[in-house]
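What follows is a single structure, written as structure tokens, with notes after it.
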Amino acid sequence: MTITITTAPCCWGVDDVSNPNLPAWERVFDEAATAGYGGLELGPYGYVPLDDTLVAKALAERNLFIVAGTIFDDLVSADNRETLLRQTDEICAVITRLPQPAQAAGQRFRTPYLTVMDWGHDERDYAAGHSDRAPRLDDKAWAGMIANITAIAELAQRKYGVRAVIHPHAGGYIEFADEIERVAGDIPQAVAGFCLDTGHTYYAGMDPVETLRRYADRLDYVHFKDIDQAVFDRVLGERIRFFEACGQGVMCPIGRGVIDYPAVKRTLEEIGYHGFITVEQERDPRNVAGSLDDVKRSRDYLRSVDF
């Protein structure tokens, strides 16, 4: 198994670009390198400047590369198609000009990837982790979301050679087992792969190990998180948005939570996964002082179990 471990700006609390408390992107780059990572994701649209010359220089100075860009937006609304495609165009134009690692033997698609996540619906945000009470899309709305994702993936591939990977995410309309299965049936593997996330999988009531195994043929990219079970049990009993739960510490450094990472490693070996795994730990950006220590703890733990 050839694996490269990377990280993402969400470990520094970067999820909502309108949040006034976000750290400077240069700090994220500095601390990612200091913690021992060779690469990271670009983060949500609008966080890191869409200036490939500026960003490439910053990456090179720190010996870093970019593994992926991110669409984190409303994938459901037909009225949002133009915005989604503009973001796709602008993100892919930048990430394809930034430093990239060599493609590993057995890696299906080379970097950079474009992770595609649905977000922006109050009715689902407050139902994160609760499959039994989360509303589902009707057939027409579902078809519109599939059409939006397909358009994103086809533009990224056709114009830039970038592989789109669909990322089920707590609080969005692709979160639970039935929704992941439906997406797998509606969007062919040739159009887009999956980026499965151990933390979001667990949050949604699924077994991360079994989910990785079930979708092995679609698995192009992986995210690692860990969950503090005590906090998780408490927040599931509250009416709370997903990122509010993150601000209360539901995500913890890898190895400090409930997810069995030795079992995850065995599963990835069994299914022959090769490529990139990105460590994430969403948090309140006002707690950014703890980010460097936490991402280093996660990296150190993964080394200790031979990742």
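Data table
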| item | result |
| --- | --- |
| Matching residues in the range 251-295 - criterion: being among the acidic types (Asp, Glu), closer than 15 Å to residue 228 by Cα and in contact (Cβ under 8 Å) with a residue 60 or more places away in the chain | 280, 282, 294 |
| Residue in the range 112-124 that is part of a helix (DSSP H, G or I) and open to solvent by less than 10 Å² (accessible area, probe 1.4 Å) present | yes |
| Any hit, the range 53-63, residues being modelled with pLDDT of 95 or more, among the charged types (D, E, K, R) and in contact with a Pro (Cβ under 9 Å, 6 or more places away or on another chain) | no |
| Residue 204 vs. criteria closer than 16 Å to residue 75 by Cβ, at pLDDT 95 or above, open to solvent by less than 20 Å² (accessible area, probe 1.4 Å) and within 16 Å of the chain's Cα centre (by Cα) | no |
| Cross-chain or 6+ apart pairs with Cβ under 7 Å, the range 7-31 first and part of a helix (DSSP H, G or I), then of a type in the set (S, T, N, Q) and buried (at least 18 other Cβ atoms within 10 Å of the Cβ) | 11/281; 11/291; 12/291; 31/291 |
| Residue selected from the range 53-75 under the condition surrounded by 15 or more Cβ atoms within 10 Å (Cβ to Cβ) and more than 19 Å from the chain's Cα centre (by Cα), by the criterion nearest to residue 290 (Cα to Cα) | 62 |
| Residue in the range 269-285 that is closer than 15 Å to residue 209 by Cα, surrounded by 14 or more Cβ atoms within 10 Å (Cβ to Cβ) and under 19 Å from the mean Cα position of the chain (by Cα) present | yes |
| Some residue of the range 161-176 being within 17 Å of the chain's Cα centre (by Cα), of a type outside the set (Gly, Ala, Ser), open to solvent by less than 10 Å² (accessible area, probe 1.4 Å) and over 24 Å from residue 85 (Cα atoms) | yes |
| The range 76-101 - residue that is touching a Gly at 6+ places or on another chain (Cβ under 8 Å) and open to solvent by 30 Å² or more (accessible area, probe 1.4 Å) and, of those, nearest to residue 121 (Cα to Cα) | 77 |
| Members of the range 236-252 found to be at negative phi, open to solvent by 10 Å² or more (accessible area, probe 1.4 Å) and in a loop (DSSP other than H, G, I, E, B), listed by number | 236, 237, 238, 239, 240, 241, 248 |
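Residue-by-condition table, conditions (1) in contact (Cβ under 8 Å) with a residue 60 or more places away in the chain; (2) within 28 Å of residue 2 (Cβ to Cβ); (3) among the hydroxyl-bearing types (Ser, Thr, Tyr):
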{"site": "105", "(1), (2), (3)": "yes, yes, no"}
{"site": "114", "(1), (2), (3)": "no, yes, no"}
{"site": "123", "(1), (2), (3)": "no, no, no"}
{"site": "126", "(1), (2), (3)": "yes, no, yes"}
{"site": "132", "(1), (2), (3)": "no, no, no"}
{"site": "139", "(1), (2), (3)": "no, no, no"}
{"site": "151", "(1), (2), (3)": "yes, no, no"}
{"site": "155", "(1), (2), (3)": "yes, no, no"}
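The values are calculated or read from the model by the stated rules, or taken from the named source; none is laboratory data. Predicted, not measured: the structure shown is a model, and the values here were computed from it. Cβ sites come from the backbone with ideal geometry, for glycine too, and all protein chains shown count toward neighbours. The protein model used for the area step is the full one, side chains on, heavy atoms only, and it has no ligands, DNA or RNA in it. Shrake-Rupley method; radii C 1.70, N 1.55, O 1.52, S 1.80 Å.
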